[in-house]
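I have placed the structure first, in the form of structure tokens, so that the comments after it can refer back to it.
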Amino acid sequence: MTEYWPWWMGALGLGGISILYLLLVGRLLGVSGSWAKVVNWKENQAIDKSKQELVQDKDAMGSAFMAETLAEFGEGAIDEFKGEVDDANINQTVSASLDAPTPWTVHLVFLLSILVGSLLTAIYTGQFEFRLDLSNVHSQIFGTTWEVWVALLTGGMMVGFGTQMAGGCTSGHGLSGCARLIPVSILATVVFMVSAIFQSMLMEVMR
Amino acid sequence: MKKIRINQYLAYGVIGILFGIVLTRIGFANYDELHKMFILTDLRMLYTFAGGVVLSMLMFFVLTKKIPAQHKIFQPGTIPGSMLFGFGWAICGACPSLVFVQLGQGAFGAVLTMIGMFFGVWTYRKTHGRYFGWDTGTCGV
């Protein structure tokens, strides 16, 4: 049995990862966001495509709006409007909102490399142990392998649904959000930690 | 364009591998350790997590200018979603990144968790548009 890192070393590791992610990628770490990208890639692709069509049609749409405005308000309104807004500003806003985000395959690579990293470490430290259930304590709580599997499937669905509903998970709300002192993230972190503690206590009592 | 793509894959891949190493060495994916944390008999990993948050906080203060505008808002799903996540985490011992670490350590049962998560994320996307329709502000968009 290999010793795990002491808390301060783990803290350095976790903090280092979240900072490295910000520096290399320019975003904040959020694994449930990556999950959403990977799972919903097909739907997102369809949305992107319709957005692109809208961009190509920008001129057509613009002239339609212009004709409508002229008919409604006359030339005077246009001159008045031109004084207030400059074109560069508008173009910037449009391109920013259509800035193509990271492709979903990159997120898939990210998730799979977590698996690779842990596999290599587990082999290196001798922690690797092939088993069909999760752990001894988990099996004590849930019983036979079949019951364990049902629990894992149910738990996984709860986690998948819950993280999407809450808008973040341990990394997004917990690590990145709390570090930025975003009130919602702190609330979410407290709620999921307390729920998990409550549930675990309950399972410990019934064990 | 092509070069940017490859760099992106490399960056995410390197961080992912490091993340896997760190999570494995902390022991977050070991259900026995996690359970000990959740029944509050061993607070090592709780301190680890809190320490990671504090460290990130300090560095984020230094790097304020680099942080992109984020869209995290309170919405009707925040509390029920977090509760569901908390209960689920206690049951399957995995948050969305830990499931890969569990699998990497040889716990094959994590495949079931993974299928469950996939289904959960997919179901949420399907039901959200139809029944809820509020802004969730999911991270990393």
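The values are calculated or read from the model by the stated rules, or taken from the named source; none is laboratory data. Computed from a predicted structure; not experimentally measured. Virtual Cβ from ideal backbone geometry, glycine too; neighbours counted across all protein chains shown. These area figures cover heavy atoms from the full protein model, side chains too; ligands, DNA and RNA do not enter into them. Shrake-Rupley method; radii C 1.70, N 1.55, O 1.52, S 1.80 Å.
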Item to check | Net charge dipole size for chain B [Lys, Arg +1 and Asp, Glu -1 on Cβ; Debye, nearest 20] | outcome: 680
Checklist outcome for this item: Largest first and rounded to whole Å, the semi-axes √(5λ) derived from the alpha carbon gyration tensor of the protein assembly as shown read 42, 21, 19
Item to check | Karplus-derived HN-Hα couplings along region B:71-77 (A = 6.51, B = -1.76, C = 1.60, θ = phi - 60°), whole Hz, x at Gly and Pro | outcome: 10, 10, 10, 6, 9, x, x
Next on the checklist: Using the Karplus curve 6.51 cos²θ - 1.76 cosθ + 1.60 with θ = phi - 60°, what ³J(HN,Hα) values do you get for each residue of region B:18-33, in whole Hz, with x for Gly and Pro?
Outcome noted: 4, 4, x, 4, 4, 5, 5, 6, 6, x, 4, 8, 7, 4, 4, 5
Next on the checklist: Between B:Ala50 and A:Ala60, what is the label-point separation in nm under the 7 Å Cα-to-beta-carbon projection?
Outcome noted: 6.0
Item to check | On Cα atoms only, tilt of A:104-125 relative to the major axis of chain A in degrees | outcome: 20
Item to check | A:Val191 accessible area, 1.4 Å probe, all protein chains in place, Å² to nearest 10 | outcome: 30
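In square nanometres, what is one fourth of the surface area of the convex hull spanned by the alpha carbons of region A:113-207?
On the way: hull surface 30.7 nm².
Mean projected area of the Cα convex hull: 7.7 nm².
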Next on the checklist: What percentages make up the Cα-Cα pair-distance distribution of region B:14-126 when the bins are 5 Å wide from 0?
Outcome noted: 2, 9, 15, 19, 20, 18, 12, 4, 0
Item to check | Interchain or long-range residues, amide H under 5 Å from A:Phe128's placed H | outcome: A:Ile123
Item to check | Relative contact order, percent, region B:28-141 [alpha-carbon distance under 8 Å, six or more residues apart] | outcome: 34
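With all protein chains present, how much of the accessible area of region B:10-71 (probe radius 1.4 Å) comes from carbon and sulfur, to the nearest whole percent? Could you put the intermediate results ahead of the total?
Details: 1990 of 2690 Å².
Roughly 74 percent, rounded to a whole number.
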Item to check | Solvent-accessible area of A:Thr105 with every protein chain in place, 1.4 Å probe, in Å² to the nearest 10 | outcome: 50
Item to check | Solvent exposure ordering (accessible area, 1.4 Å, most first) of A:Ile197, B:Ile15 | outcome: A:Ile197, B:Ile15
Checklist entry - Using 1/(1 + (r/R0)^6) with R0 = 56 angstrom and r between the beta carbons of A:Glu72 and B:Arg5, what's the FRET efficiency to the nearest 0.05? => result 0.75
Item to check | Largest-first ordering by accessible area, 1.4 Å probe, given options B:Phe85, B:Phe61 | outcome: B:Phe61, B:Phe85
Checklist entry - Just how far, in whole angstrom, is region A:157-204 from region A:2-27 if you go by their alpha carbon centroids? => result 19
Next on the checklist: Just to be sure I understand: if you take the accessible area of chain B alone plus chain A alone and subtract the pair, with a 1.4 Å probe, what total do you get in Å², rounded to 100?
Outcome noted: 10300
Item to check | Length gained when the stretch A:Leu202-A:Lys49 is fully extended (0.36 nm per residue, less Cα-Cα span) | outcome: 50.3 nm
Checklist entry - Counting only protein chains, not ligands or nucleic acids, how are B:Phe87, B:Phe19 ordered by accessible area (probe 1.4 Å), most first? => result B:Phe87, B:Phe19
Next on the checklist: Between B:Thr64 and A:Leu12, how high is the FRET efficiency from 1/(1 + (r/R0)^6) when r is the Cβ-Cβ distance and R₀ = 25 Å? Nearest 0.05.
Outcome noted: 0.70
Checklist entry - Given B:Lys66/B:Lys126; A:Lys49/B:Lys72; A:Lys51/B:Lys126; B:Lys3/B:Lys126; B:Lys36/B:Lys65, which pairs have Cα atoms separated by over 31 Å? => result B:Lys66/B:Lys126; B:Lys3/B:Lys126; B:Lys36/B:Lys65
Checklist entry - Label 7 Å along Cα→Cβ of B:Thr123; region A:155-180 residues with amide nitrogen under 19 Å? => result A:155-169
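Once you order the gyration tensor axes a ≥ b ≥ c over the Cα atoms, which shape class does chain A get: rounded for a/c under 1.5, otherwise prolate or oblate by comparing a/b with b/c?
Details: a/c = 2.61, a/b = 2.47, b/c = 1.06.
It comes out prolate by the Cα gyration axes.
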